[in-house]
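Peer 1: Would you mind keeping the following structure in view while I ask a few things?
The values are calculated or read from the model by the stated rules, or taken from the named source; none is laboratory data. Note that the coordinates shown come from a computational prediction; the quantities given were computed from them, not determined experimentally. Heads up, the Cβs are rebuilt from the backbone with ideal geometry, glycines too, and the neighbour counts pull from every protein chain shown. When the accessible area is computed, the model is the full protein with side chains, heavy atoms only, and any ligands, DNA or RNA have been set aside. Shrake-Rupley method; radii C 1.70, N 1.55, O 1.52, S 1.80 Å.
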Amino acid sequence: AGKFYLHAPTEASQATLASVSPVFAVMKFDKEGNTTYFEKKKTELYQELGLQARDLRFQHVMSIATRNNRIIMRMEFLKAVITPEFLLILDYRNLSLEHWLLNELASQLAGEGQLVTYSLPFEFRAIEAILQYWISKLQERLNTLQPQILETLEALVDPKLLSVDRSKLHILLQNGKSLSELETDVKVFKETILEILDEEEVIEELCLSKWTDPQVFEESTSGIDHAEEMELLLENYYRQAEDLLNEARELRVLIDDSESIIFINLDSHRNVMMRLNLQLTMGTFSVSLFGLIGVAFGMNLESSLEEDPRIFWLVTGIMFLGSGLIWRRLLSFLGRHLDPPLPPHVPAGLKKSQPAAGRVEIKTNHKGETFGLSRSTLTNQ
């Protein structure tokens, strides 16, 4: 009875854990491209594959690992397990992913696609197909963002516009955020491949058929070891990711430069408005200064001047003439202090000596290049 009470809770807990184990929707591809669908619990799946539970703990991260002659690939929502005989895609119910699986992957694995590793073992084809799909998704995202960003920047940098359209700025902000996310995804993809390229043991472990059928891996038709071919395959997609990241960086630099141009245009319009405001202020000051004469004559004081009919026109003329002269003087003072200075005058003697200096500089550079060439030659020897 004591043993029964000890083992009963354990059996109940195991039954409870088995019942709550997640169920994977699995799509299986064999070497001929035949496809089968089934659902299986996580506990049953990792036991059949000879893996551990943590190996099938797929998060939205990116990694490529090997365990027990199995390749486990995590590409965010793409989760795959590769064996020497078949490829398993877990949780394939994704709109874009399901379209690729049904229309392209089966034919690629069967040799009807554009894979360059068709003559190599099955795991090469599976890895290349997944990497090709992922790099194409990244390229597609960049191709979608690039025309939108260029169109928005062209509308914002137009010099004919005196004001900036806020709706365009909002679109540019959203596209810039999407571009940052794309850059992050490409960097993670690059780092994932680079980690494998830095480890020779991991590259050899990716060659699954080497451990199941060593005769296949004696030498390829090109005379290159299959481990080297796996390295070349990974380097190919590493270079594609690098080119993709460079395009995204150029687009980022273009956005930053366009923002600088927008700020310069806004500062220019702001300076024009400030200058106009200053000119009007100076004109108002000039009129007010000579308007004191009219104020003096407008006082209720008697003098002999108000009896002369010519005094009105004389005082009015003096007021307008004096205000105009003062305003003109202030404008010239403003122009001298706000306009950019002229470049300094270069004497004729210095102008004639410039080509000679240029020739000396060219000779110096040529000597430096010659020295660098001889130094590299000695190093190689």
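Peer 1: Considering only segment 47-56, I want to know if a residue exists there that is at pLDDT 80 or above, closer than 21 Å to S96 by Cβ and open to solvent by 80 Å² or more (accessible area, probe 1.4 Å).
Peer 2: Among the residues of segment 47-56, not one is at pLDDT 80 or above, closer than 21 Å to S96 by Cβ and open to solvent by 80 Å² or more (accessible area, probe 1.4 Å), which makes the answer no.
Peer 1: I'd like the residue in segment 124-161 that is among the charged types (D, E, K, R) and under 24 Å from K31 (Cβ atoms) and, out of all such residues, is surrounded by the most Cβ atoms within 10 Å (Cβ to Cβ).
Peer 2: Step by step, filter segment 124-161, then rank; the result is R125.
Peer 1: Pairs please, first residue from segment 134-148 and closer than 17 Å to R249 by Cβ, second anywhere and of a type in the set (S, T, N, Q) and modelled with pLDDT under 90, Cβ atoms under 7 Å, 6+ apart in sequence or on different chains.
Peer 2: Between residues of segment 134-148 that are closer than 17 Å to R249 by Cβ and residues that are of a type in the set (S, T, N, Q) and modelled with pLDDT under 90, the close pairs are L145/N175.
Peer 1: Further question: Could you tell me how many of the residues in segment 89-147 are among the aliphatic types (A, V, I, L, M) and part of a loop (DSSP other than H, G, I, E, B)?
Peer 2: Qualifying residue count for the region: 4.
Peer 1: Can you tell me which residues in segment 186-204 are without any contact (Cβ under 8 Å) to a residue 60 or more places away in the chain, of a type outside the set (A, V, I, L, M) and buried (at least 16 other Cβ atoms within 10 Å of the Cβ)?
Peer 2: K190, E204
Peer 1: I'm checking my understanding of the structure. Among residues of segment 80-108 that are touching a Leu at 6+ places or on another chain (Cβ under 7 Å) and open to solvent by 10 Å² or more (accessible area, probe 1.4 Å), which one is modelled with the highest pLDDT?
Peer 2: Going through the qualifying residues, I end up with P84.
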